[in-house]
Amino acid sequence: MAKSDAFTALRREIAAIPVIDTHEHLPNEADRLKQSVDFYTLFSHYCAGDLVASGAPADTMAKLADPNVPAPEKWTLFEPWYHHIADGSYARCAHLAMQRFYKVDRLASLKDAEKLTERIREANKPGLYRKVLKDACGIVTGLNNGGTGVDREFFTPVRFVSELAEVGALDRIWAVEKESGRACTSLARYVQAIGDILEAEKARGLKGVKLGFAYTRPLHFASVPAADAERLFNRVFDESQGWRAACLGYDETRPLQDYLVHQLAAMAGDLDLTAVFHTGIQAGNENHLDNGRPERLWNLLLRYRKTRFDIFHIGLPWVEEAGMLAKYFPHVWVDFAWAHAISPEIAARALKIYVDMVPRNKVLGFGGDYAVVEKVYGHLELARDNIARALADKVAEGALDPARAVAWARALLHDNPIAAYKLDIQPLD
Ligand SMILES: [Zn+2]
C-alpha cells in the first residue's frame, strides 16, 4: 500500500475513535461564559509566548490580555506580531478552531478580526462545551487540572499539588491546616494532613495529582532523611514573624520539597492516584529548559513501584529519554499531552520511535493542555493528522501492518489513558 493511501485510510479510522483527553486546564463552561471574549481569545495562552518571543512588548501583551480594550485597538497592536507567529503550530491550533467554529480562516484585516470577535461572542453561550468537546472532538472525558470542582459531564478531576510540597512560608502551612482541619504543628502532622486532603479528594472522584516542578527546579528529588526535612519545616515557624512572611529561599527549602515529593509519590500509590510529572519544555518565556529532563525522575520511579506515573509532554525535546522511562518501568506511561501543538514534527518522530521501542499499552496519545476550549479541537486535529502520519510511515516501512496501526491508534487515544488512570470506562479492545 502506498504511503498516502495508508495515511488516508488511517486518518479516516482515527477520526472515528472516541478520545480520552489526558490533560486540560479548562474552566467550567459557566466560568468561560462569564469571560469577555474577542478575536484575541484564540491567540491567548501558548500563542502569547510566541508573540513575546517574536518581540511584542510587555505593554502590548498587557493590552491584548485586557478584556476592556476594544477589538480595533487590539488588532492594531496584534497585527505586526501575528505575521511572525502565524505559521507556527500554536497558531495552527487557533486557525483550525476559527475555521471550524467561526468560518474565518486567517486574520488578514481588521474586518476579519471584527468578524471573528462578533462570532465568538455570539457562540459564548450554554452548549459551547458540548458543541466543541463532544460534537466536534468526540472526547469521552478530559482529565482536567481543576480539582474535584470540575464539571463531570466533560471532565475527570486531577489536582495540581506542587504547592503542597513548596513550604517556604507559613501561609502554605495555614492553607493545608484550613483545608484538612488538622493542626500542622509538626512535619509529621503536616504530612498526615496532606494525606487526609488527598484521601477526601479521592472519595470525591480525584484520579491523579500533578507536579509541575520542572518550572522551578531540576526534577531530581533526593532521598532526604525526615530529620533534615523537619529542621527546615521548623525553621518556617521559628523564623517567620509579622511582616517577614517568606523567611526561607526557594533553594534553601529544596530538601524539604524533596522529602515531601517522596511522600506525595508514596501517597499516590497508596490511594491509587496517578502521579503526573511535567517534564521537558515549560510554557511561557525565559524558562530554564534543563530543569525538565525526564531521566532525573529515575530514583523516584525506581522507588515507588506501586504508583502509576504519567510522564507529560513526552519530555519534549528529550522525547527519546521520556520514552526510555516507559520502556524501563511497567508503572510509567509516556504522554503526548501538549506535544502535537508544540511541534507536530517532533511529535510524529517521537511516535515512530515509540512504536519501535515502547510497548503499545504504555503511550498516551493526546492531551489538549488548553485553557481555551475551542483550541482543544485545533490541537486534536493536529494530533490525529500526526498519529496517522507516523503510523502510515511505519506501515510504509513494513514495520506495522495496517490492522495493527489502527490498534495502535485506538490504544493511544482511548484504551491506554483508561488503564493509566484506572478510569471506569469500557475499553474498545
Ligand atoms: Zn498543562
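Descriptive notes on the structure:
- Rounded Å value of the spacing that divides the Cα centres of the range 224-267 and the range 82-109: 46 Å
- The chain - mean residue ellipticity at 222 nm from DSSP helices (-39,500 (n - 2.57) per run, n ≥ 4, rounded to 500): -15000 deg cm²/dmol
- Max mean-square fluctuation residue, GNM over the chain, Cα-Cα springs under 10 Å, options Asp59, Asp310, Asp112: Asp59
- Take every pair of alpha-carbon atoms less than 8 Å apart whose residues are at least six positions apart; their mean separation over the length of the range 36-123 yields a relative contact order of 39 percent.
- For the chain: relative contact order, % (alpha-carbon pairs under 8 angstrom, 6 or more apart): 21 percent
- More than 18 Å apart - percent of Cα-Cα pairs taken over the range 353-412: 37 percent
- Among beta bridges from DSSP that stay inside the chain, the antiparallel ones total about 10%.
- Of the residues Ala113, Ala16, Ala71, the one that moves most in a GNM of the chain with alpha-carbon contacts below 10 Å is Ala16.
- Per the Debye calculation on the range 36-123 with a single equal scatterer at every Cα and no solvent contribution, log₁₀ I(q)/I(0) for q = 0.13, 0.14 Å⁻¹ amounts to -0.35, -0.41.
- Whole-Hz ³J(HN,Hα) from phi, Karplus 6.51 cos²θ - 1.76 cosθ + 1.60, for the range 118-132, glycine and proline x: 4, 6, 6, 5, 4, 8, 7, 8, x, x, 4, 5, 4, 4, 7
- Of the chymotrypsin sites (Phe, Trp or Tyr not before Pro) in the range 243-280, the ones in a loop by DSSP (not H, G, I, E or B) with at most 13 other beta carbons within 10 Å are Trp243, Tyr250.
Since every read-out is calculated from the coordinates, none of them should be taken as a lab result. A quick note: this is a predicted structure, and the numbers were derived from the prediction, not measured. Methodologically, a virtual Cβ is constructed for each residue, glycine included, from the backbone with ideal geometry; neighbour enumeration extends over all protein chains shown.
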